[in-house]
1. When the residues of the range 300-331 are filtered to those that are closer than 13 Å to Ile72 by Cα, more than 16 Å from the ligand (Cβ to nearest atom) and assigned to a strand (DSSP E or B), which remaining residue is farthest from the chain's Cα centre (by Cα)?
2. Check whether at least one residue in the range 194-202 is in a loop (DSSP other than H, G, I, E, B), open to solvent by less than 40 Å² (accessible area, probe 1.4 Å) and at pLDDT 95 or above, and report yes or no.
3. Residues of the range 44-58 being open to solvent by 50 Å² or more (accessible area, probe 1.4 Å) and at pLDDT below 95, which ones?
4. Do we find a residue being hydroxyl-bearing (Ser, Thr, Tyr) and crowded, with 20+ Cβ neighbours inside 10 Å anywhere in the range 323-331?
5. Give the range 332-351 a look and list any residue that's surrounded by 19 or more Cβ atoms within 10 Å (Cβ to Cβ) and within 16 Å of the ligand (Cβ to nearest atom), or say none.
6. Could you check the range 276-294 and list, in sequence order, the residues that are away from the ligand (no atom under 12 Å from the Cβ), of a type in the set (Asp, Glu) and either surrounded by 24 or more Cβ atoms within 10 Å (Cβ to Cβ) or in a helix (DSSP H, G or I) (or both)?
7. Quick check on this structure: which one of Lys130, Lys89 is open to solvent by 10 Å² or more (accessible area, probe 1.4 Å) and farther than 18 Å from Thr159 by Cα?
8. Residues being modelled with pLDDT of 95 or more, more than 23 Å from Ala141 (Cβ to Cβ) and part of a loop (DSSP other than H, G, I, E, B): count how many of those fall in the range 236-262.
Amino acid sequence: MKKINLFFALTAFLIVSLNAQDYKVKGNADSLATYHGNKEIYAIKNYDDHFSNEKPTNVILMIGDGMGTAQIYAGKTANKGALFLDNFKKTGFVSTYSSEDYVTDSAAGGTAMACGVKTYNAAIGVDNNKKPVKSILEKVAEKKLGTGLVSTSAITHATPAAFIAHQPHRNMYEEIAADFLKTNIDVFIGGGYDHFTKRKDGRNLANELAQKGYSVIQDINQIKDFKVGKLAGLTAPEHNERVGLRKNMLETATQTALNLLSQKKNGFFLMVEGSQIDWGGHANDITYIVEEMLDFDKAIGVVLEFAAKHKNTLVIVTADHETGGLTLNKGDLIEGTLIAKFTTGSHTGVMVPIFAFGPGAEHFTGIIDNTDIPKKIEKLMNL
Ligand SMILES: [Zn+2]
């Protein structure tokens, strides 16, 4: 009897620890991966980055999950040498380690960029003692400024969740969804409809959101046409599909969020995440990485178009960590092809790049730490 109990206890422990480490090994490292070229080359536009005012009233933080320098250049190669990201003249590097690990996961990385603290992997908006820490989004909301979140994963997933929820573990999707109702966020768009509606506690948070004055919309075309009011855009039961299937969901969601938040005359904070660059890295799938990287870059184009018209807007583009240990062994900028290699199916500890455009961009240069990002934004927005 004792042996059987021991066996079950061990199995249960193994399942939990495997789940907690879903950012670890998936792909088959050391294999060469070939990207065969991209039929949909897109033209980029150049934007003038001279700004009169010192400080922004609008801040847009864009996070490419798992996006290291190699992932960016793989995209640039595939688009035959050009990215909207080329417009960013202020650049630097960001250290990403978590409180107990040289290699972070998206939860600890997101919490560092949202709340300015180092915490343990899997933590959402809490410190090492599991104590909630106010995020930059919550501080902006307290000043009655606009707030928004957009993601290609579930909106309850690690990175967006770190900006709005406070839970001891990233897999607590239903608790994370419930935390959205404790705020007055103006707009959020991403997957995760089931975390709001198919719940163990029997609550229907979509109804509760509607009672709080939100329009709860699942259809991206309706989200595209949504013009005024508070929006809960839940575009998939869980995570959104890969870019090939979800089409230009990210560009559309980003544009709608900007249309709504620009109605906030005193300013706003928006976080936009390209989540699935990371999933391509875990799978050691260079085509997946390139497609998601270019989709994210097109969303950067939407944001730059806005910033060029709203000169009080600061745009910051960075990553929470690199995924896959990607390196580029061979490439052709004319053909848009490349041969790549991965060293792991996990996240790595390398510094990630940061890019800034607009008033205050000079504060995001050199080598900084991920916890510096919300502190610098807070200072620039006089929060
Ligand atoms: Zn990951």
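1. Residue satisfying both the conditions and the ranking: Leu328.
2. Yes: one or more hits.
3. Across the range 44-58, the qualifying residues are Asp48, His50, Ser52, Asn53, Glu54, Lys55.
4. So far as the range 323-331 goes, yes, one or more of its residues are hydroxyl-bearing (Ser, Thr, Tyr) and crowded, with 20+ Cβ neighbours inside 10 Å.
5. Matches in the range 332-351: Phe342, Thr344, Gly345, Ser346, His347, Thr348.
6. If the condition is that a residue be away from the ligand (no atom under 12 Å from the Cβ), of a type in the set (Asp, Glu) and either surrounded by 24 or more Cβ atoms within 10 Å (Cβ to Cβ) or in a helix (DSSP H, G or I) (or both), then Glu291, Glu292 are the ones that fit.
7. Lys89
8. Result for the range 236-262: 7.
The values are calculated or read from the model by the stated rules, or taken from the named source; none is laboratory data. This structure is a prediction, so every number in the text was calculated from the model and none was measured. When we count neighbours, we look across all protein chains shown, and the Cβ atoms used for this are built from the backbone with ideal geometry, even at glycine. In case anyone asks, the SASA skips ligands and DNA or RNA and just uses the protein heavy atoms, side chains included. Shrake-Rupley method; radii C 1.70, N 1.55, O 1.52, S 1.80 Å.
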